[in-house]
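A quick write-up on the structure given underneath.
The values are calculated or read from the model by the stated rules, or taken from the named source; none is laboratory data. Everything numeric here is computed off the predicted structure, so don't read it as measured data. Don't worry about glycine lacking a Cβ; one is built from the backbone with ideal geometry, like all the others, and counts go over all protein chains shown. In case anyone asks, the SASA skips ligands and DNA or RNA and just uses the protein heavy atoms, side chains included. Shrake-Rupley method; radii C 1.70, N 1.55, O 1.52, S 1.80 Å.
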Amino acid sequence: MDDDAVSRALTTVAGEHWGRLVALVAAQFRRLDLAEDGVQDAFAAAARHWPRSGVPTNPPAWLLTAARRRVLDALRTEATAHKYAPQLIVDARTEAVAAAAIPPEGDEIADERLRLLFTCCHPALPPSGSAALVLRLVAGLSVGEIARLFLVSETAMQARLTRVKHKIAAAGIPFAVPDSDELPARLDTVLAVIYLVFTEGYAATDGPAVMRTELADEAIRLGRLTRRLLPDAPATRALLSLMLLQHSRRDARVDAAGRPILLPDQDRSRWIRSEIDEGLDLLAGLERVQLTPAAERYVLQARIAAQHAAPAAASDTNWPEIADLYERLERLTASPVVRLNRAVAVAEADGADAALGLLDGLEATLPGRHEVHLVRAELLARSGRRSDALTAMDQAIAHAGNDATRTYLDERRAALGDERDPTR
C-alpha cells in the first residue's frame, strides 16, 4: 500500500477516533500522560507498519491494542507494571479483542470521552489548562494549533499541558463523570471547552480546509451529552442552540474548491433546516429566564445566529437587531472578537464609515488574526479608500494560517485592484 493511502487512512482515523482512543486508554490505566503518549506512539507505529501490511480491517482496534501495549511498556519502565498487568491481557486475536474493548455509542452517559471531558475540567485545575487539555486529548488538536488559539508560543503551551497532566496525576483526580450535585460547579468550564472545540471545527486555524467538520460534530455530540446530564440548564440549551444554528450552514460555506463563501452569497437551500429548527426550539423562551453571565453570553450569541438563520433571503436580515445584540454582548464580555463582529454588523446597518472606528486597536488585542485586517480592508474599500484597502488586505494575507483562506484572500485582493509588487 502506498504511503499516501496510509496517510489518508490515519488522518481519517485520527479525526474520528482520537478522543475515544485516548479516553479508553486513560480509563483503563488512569494516566492521562501515558494515555496520550501511547496513542501517539500507536499512530507512529501504524505509519511504519501499514505501508507493508496494509490498513487493517478495524484501524481503531489496531491502534487501541498498540497504544495499550506502549502504556504497559511505560509502566514496566516505571517498575509499577505489577499493579496494571492483569488489566492488559491481549490474546492472539488482536483486532477482535481490541474491537470488543471499544464500546458502542449506545449508553451515552457512560461515554468515555464525556468522562475524559469532566476529568479535564475538574475544579482543581485552572480553566485555561482544562480547555487546552480537552482540545489536545478529546479533540486531538496539535500543540501548535492550541497555542495559536490561546495566542501563546508552542513551547509555552506544551509546558502548560504538561503541568496540568502532572497535577491530575498528583491530585488523584478521578476519571469519572461527577455526581449530580457536583455538576453545576464544573458546567461553565465544560461548556467553554466544548465551544472552543466547536470554534476550531467551525473555522480552522491551520491546515488546508476552512472547516474541520469532525471537530464541530464532536462538540455538538458532547453538548448533547452534557445536556442529558443537566437538561434544564439555560447555558447548556443556549450553547447547543448556538452550535446547531451555526453548523447548519456547513454544506453551503465553501465552494467545490474548498474556498469560503460569504454568508450573503450562500445557497440557503443547502442549510440543514432540521438543525435550524432544533436550534430555534432550544433558544425559545430563554430570554425570559434568569441567566448567569455565562448563560447570557451563549443566549446572545445564539440569538445572533438565529437572526442569520431565520430569514429566507440575505436581504431580509435584520442588521440593526444584530448590531444591537453585539453591542450587548460586548458590554458583557469586553471581547475584541465581539467588537470585530459588531463592526461588521454596524457596517451593514449604518454604513462602513460608522463601523471603521470600532476597529481601532484591534490589531493589538487580536495579534496574528487575519480577520481584523480583512474587515478593515472591506470597509475601507466600501468607503472608497482603495489604496488603504489594498494595504490592509496584504496584512490579512500575511496573517492567514489556513491554506483555503489564503487563496480566498488572494482572490479578494485581486478583486480590489491591481496586482501586488512581485518583489514583496
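Check the range 167-182 and report whether any residue there is in contact with a Gly (Cβ under 7 Å, 6 or more places away or on another chain) and either of a type in the set (A, V, I, L, M, F, W, C) or part of a helix (DSSP H, G or I) (or both). No, the range 167-182 has no match at all. Picking from residues in the range 43-68 that are of a type in the set (Ser, Thr, Tyr) and part of a helix (DSSP H, G or I), the one that is surrounded by the most Cβ atoms within 10 Å (Cβ to Cβ) is Thr65. Listed by position, the helices (runs of 4 or more DSSP H) inside the range 316-402 whose residues that are within 26 Å of Gln266 (Cα to Cα) number at least 1 are 319-333, 336-350, 352-356, 370-382, 386-399.
Answer yes or no as to whether Ala343 is under 29 Å from Gly384 (Cβ atoms), at pLDDT 95 or above and either touching a His at 6+ places or on another chain (Cβ under 9 Å) or open to solvent by less than 40 Å² (accessible area, probe 1.4 Å) (or both). When the stated conditions are applied, Ala343 passes them. Residue check: Leu332 meets all listed conditions (1) more than 22 Å from Phe150 (Cβ to Cβ); (2) touching a Lys or Arg at 6+ places or on another chain (Cβ under 8 Å); (3) aliphatic (A, V, I, L, M) but one, namely (1).
Report yes if Val90 is open to solvent by 20 Å² or more (accessible area, probe 1.4 Å), in a loop (DSSP other than H, G, I, E, B) and modelled with pLDDT of 85 or more, otherwise no. The answer is no for Val90. Of the residues making up the range 5-13, one or more are crowded, with 19+ Cβ neighbours inside 10 Å, over 23 Å from Leu135 (Cα atoms) and out of contact with any Leu (no Cβ under 6 Å at 6 or more places or on another chain).
Thr77 meets the conditions (1) at pLDDT below 85; (2) farther than 23 Å from Ile168 by Cβ; (3) open to solvent by 60 Å² or more (accessible area, probe 1.4 Å) in every case but one. The failed one is (2). Within the range 238-286, the set of residues being among the acidic types (Asp, Glu) and either open to solvent by less than 40 Å² (accessible area, probe 1.4 Å) or assigned to a helix (DSSP H, G or I) (or both) comprises Asp251, Asp265, Glu275, Asp277, Glu278, Asp281.
Inside the range 145-154, can you point out the residues that are over 14 Å from Thr199 (Cα atoms) and either at pLDDT 85 or above or surrounded by 24 or more Cβ atoms within 10 Å (Cβ to Cβ) (or both)? Result: Ala147, Ser153, Glu154. Being in contact with a Pro (Cβ under 6 Å, 6 or more places away or on another chain), of a type in the set (A, V, I, L, M) and assigned to a helix (DSSP H, G or I): is that true of Ala235 here? In short, no. Is one or more of the residues making up the range 221-228 aliphatic (A, V, I, L, M) and either buried (at least 20 other Cβ atoms within 10 Å of the Cβ) or at pLDDT below 90 (or both)? Within the range 221-228, one or more residues are aliphatic (A, V, I, L, M) and either buried (at least 20 other Cβ atoms within 10 Å of the Cβ) or at pLDDT below 90 (or both).
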